[in-house]
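Encoded as structure tokens, the structure appears first; notes follow it.
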Amino acid sequence: MPSQRTVRTPVVKGLRRGLWLAALALLATGCAEREGAEQAASRVAQSLEEAARPAPARSPVGLALEVDNGVPASLKVKAGETFFINQIDLRAAISTSVDQGVNGLRTAGDFASLAWQGVELADDDRSLAANMDGTFTRRRFYRGAQWMEQPSVFTVQPVNAEGRATGKALVLRLGSEDKRKSNDDFFIRRLRAIQWTHNCRSAKDCTGASNFTEEALVEVRNARTGATPFTLSADTRALRLDWSARQGASYLIPVEQVHNPTWGYGFSIDIKALTPPRADGTYAPGSAVTFQMTLRDGAGKPLHPAGSLPTYFEFLSGQIQSGIEYYRGFSEPAATYYRRKHRERNFSVSFIGPAHRIQPLRNIVELESFLGPDDVISIATPERDGVLAQASLVPPANDTFGGAYDPSHAGWFAPVSDTWTHQLPANAEPGTYRVTVKARRVYLGEDLPASRTVEIQVGTTQHTEATLTTGKCDTCHVQGGELGQVLHATDDRATCTTCHAPLSFELEGPVAVRTHFVHSRGRFDAPLEKCSSCHLSQESTQRTSKAACLSCHKSYPDSHVEKFGPIEHLYVGGGRESFQQCTGSCHKTHPGSGF
């Protein structure tokens, strides 16, 4: 490869020649034309200086690798790019009519050779919503097996058609599930097994069930800062993936290198208000405000034609070439913390305000709201919740979920617009209102979330801000784990409240519930009882409810069982009552809270 000096020399010579010609042009002009010639010479010099600068280096592209039941997913990538491994998902599963926990995985399936010693039931949960056939599903989550607990290593080796190496092997350290170490290569590491009971008689009774799935999962993602970059030679045809916990059995991931793809890597979202504000830049209470989104690749190229987005059927049938993703829950069930929430891939729009009233939402949003005629769902009202919040799925929930319940799936074929409208109530409180779009794109091996928030002023030009009662997330969320990288790729936590309300079919929606649960089960560095690690004041810890306490604690005293009932829900403790404040007089302090 030529040295930088060798590359730059002809450009520098060209620059000097260009300046000399510009000088001659200046001398050749009369006085009246001299000013214009000077400007022309300046423009020539500027252009040549810009040409002499080396092009900015492109950031490496994070690749997502997947193996399901021993079968690797083929990988298409853009030829000539630089990459790093950002995500690996492995899954092994068997079906059985016998209730044996996950013991069947010890002897059958892709993970039968793993060290299963020590595996034990950690949590179990039952769905509150019935299946299509009227039965219910129970999920049991298992942890503690040696292959889950002991540090292990992935090795990724590019190879040609004959299996010979075409580049250096990448060694990726998974680390320990419970404790982070400085040499971990991924911020998120989750290894577990799950037993699914598909035909329970009721939400509480699985007697006589005969339809079980046992599965084991490896989820590592969000590469730590400093991930090893690599390129693929033109003769690379596969990536050979080895896992030290499963020695002697490689996965061979087919690779196709695509030249001149239609779109580039990267993902961004633009939002603009189509409804013009008043002369002072504000919207009046009672206004209907229409917005339009545009999804783009990293170079700014739109991923869809102006005015429309792909239909849900086009997504399900694999017709979306630009990588736009929609809800995948019908084929890829997710469970908070335990199973592939990153692959649920919700595409949502939210609206909340005024900002200074943003607070946790505790009133349950019914399934009927998702199936109703309105594309935009009312999540919270000022009269009931103290803040206005509205949300919509893309495509709208009444088409996405309504299409699932409709035998003809008509909603899945419905046109999808890139515009939507929020109706401000006539009594909308003046302040700043926030509009957020969150989506995910999977394109040529890159699995990438993106979020965008814009603000409008309602009834006043005075900007208002949210006051959050928790913070300090960046104490731990660093080096690839920043909130702007994980989850929905936003560090603006005030925008999370709208969508993360309790849903009748997913009570664990609220951010507080998920934060408590995930950090009580995962790699949290501080003592769990130290509330001050995240909470900014003692007052913010004093609203007691089942959801607040039992999203972290797995049990409570017999006196509480007698008064409030047994623990029946993995994430929030109970049912719809879980968000009601238990008492205003007890639990004013938490032992070891740091306050």
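The values are calculated or read from the model by the stated rules, or taken from the named source; none is laboratory data. These figures come from a predicted structure and were not determined experimentally. Note that we place each Cβ from the backbone using ideal geometry, even for glycine, and neighbour counts take in every protein chain shown. Side chains are part of the model used for accessible areas, which takes the heavy atoms of the whole protein and leaves out ligands, DNA and RNA. Shrake-Rupley method; radii C 1.70, N 1.55, O 1.52, S 1.80 Å.
If you take all C-alpha pairs in segment 292-412, what percent of them are over 22 Å apart? The calculated P(r) of segment 292-412 puts 46 percent of pairs beyond 22 Å.
Sorted from longest to shortest, the spans of the Cα atoms of the chain along the three principal axes equal 100, 68, 57 Å. Considering only the Cα atoms of segment 479-580, their convex hull presents on average a projected area of 7.4 nm².
Once the Cα atoms are used to define both axes, helix 511-521 deviates from the longest principal axis of the chain by about 80 degrees. With 22 Å as the limit, the listed pairs K78/K301; K168/K341; K204/K530; K204/K546 have K168/K341; K204/K530 beyond it between alpha carbons. The mean sequence distance of close C-alpha pairs (under 8 Å, at least 6 residues apart), as a share of the length of the chain, puts its relative contact order at 12 percent. For the pair Q292 and S417 in one chain, pulling the backbone fully straight at 0.36 nm per residue adds 44.1 nm over the alpha carbon distance.
Among the chymotrypsin sites (Phe, Trp or Tyr not before Pro) within segment 377-465, not one is in coil by DSSP while having at most 16 neighbouring Cβ atoms inside 10 Å. Taking all protein chains as they are arranged and a probe of 1.4 Å, the heavy atoms of T294 leave approximately 30 Å² accessible to solvent. Under the combined filter of DSSP loop state and at most 11 neighbouring Cβ atoms within 10 Å, segment 145-191 retains these GluC sites (Glu not before Pro): E162. Local charge for T290 was computed over the other residues whose Cβ lies under 13 Å away, with Lys and Arg +1 and Asp and Glu -1, and equals -1.
Helices in the chain, meaning DSSP H runs of at least 4 residues, each add -39500 (n - 2.57). Divided by all residues, the mean residue ellipticity at 222 nm is -4500 deg cm²/dmol.
Mean separation of Cα pairs under 8 Å and 6 or more residues apart, divided by the residue count, gives segment 345-500 a relative contact order of 29 percent. Computed over protein heavy atoms with a 1.4 Å probe, the carbon and sulfur contribution to the accessible area of the chain reaches 52%.
Calculate, for L121 and D280, the FRET efficiency according to 1/(1 + (r/R0)^6) with r their C-beta to C-beta distance and R0 51 Å; round to the nearest 0.05. FRET efficiency, L121 to D280: 0.25. Let a ≥ b ≥ c be the square roots of the eigenvalues of the Cα gyration tensor of segment 513-552; is it rounded (a/c under 1.5), or, if not, prolate (a/b larger than b/c) or oblate? It comes out oblate by the Cα gyration axes. Counting only alpha carbon atoms, the long axis of helix 4-27 and the longest principal axis of the chain meet at about 50°.
Using θ = phi - 60° in the Karplus curve 6.51 cos²θ - 1.76 cosθ + 1.60, the 3J(HN,Hα) couplings for segment 366-375 round to 7, 4, 4, 5, 7, 9, x, x, 8, 5 Hz; x is entered for Gly and Pro. For segment 445-595, the relative contact order comes to 23 percent (Cα pairs under 8 Å, sequence separation of at least 6). Taking a ≥ b ≥ c as the square roots of the eigenvalues of the alpha-carbon gyration tensor, segment 457-506 is classed oblate because a/c is 1.5 or more while a/b is no larger than b/c.
Compute the Cα gyration tensor for segment 245-326, then decide on rounded, prolate or oblate, letting a ≥ b ≥ c be the square roots of its eigenvalues: rounded whenever a/c is under 1.5, prolate when a/b is larger than b/c in the other cases, and oblate in all that remain. Cα axes put segment 245-326 in the prolate bin. For A238, nonlocal amide neighbours, meaning residues 5 or more places apart or on other chains whose placed amide H falls under 5 Å from its own, are V159, V255.
Reducing segment 133-170 and segment 220-275 to their Cα centroids gives an inter-centroid distance of 16 Å.
Heavy-atom accessible area per residue, the chain, 1.4 Å probe: how many Å²? On a per-residue basis, the chain sits at 48 Å². Each principal axis of the Cα cloud of segment 319-478 was evaluated for its coordinate range; sorted largest first, these ranges are 46, 42, 28 Å. Remark: segment 318-329, residue by residue, has Karplus-estimated 3J(HN,Hα) of x, 8, 7, 7, 7, x, 4, 10, 10, 4, 10, x Hz, where x stands for each Gly or Pro and the curve is 6.51 cos²θ - 1.76 cosθ + 1.60 at θ = phi - 60°.
For segment 195-331, dividing the convex hull volume of the Cα atoms by the residue count gives 297 Å³ per residue. Residues E256, E383, sorted by accessible area with the largest first, give E383, E256 [1.4 Å probe; ligands and nucleic acids excluded]. Taking every protein chain into account, the 1.4 Å probe leaves Y142 with about 30 Å² of accessible area, to the nearest ten. The accessible area of I324, taken with all protein chains in place and a 1.4 Å probe, comes to roughly 10 Å².
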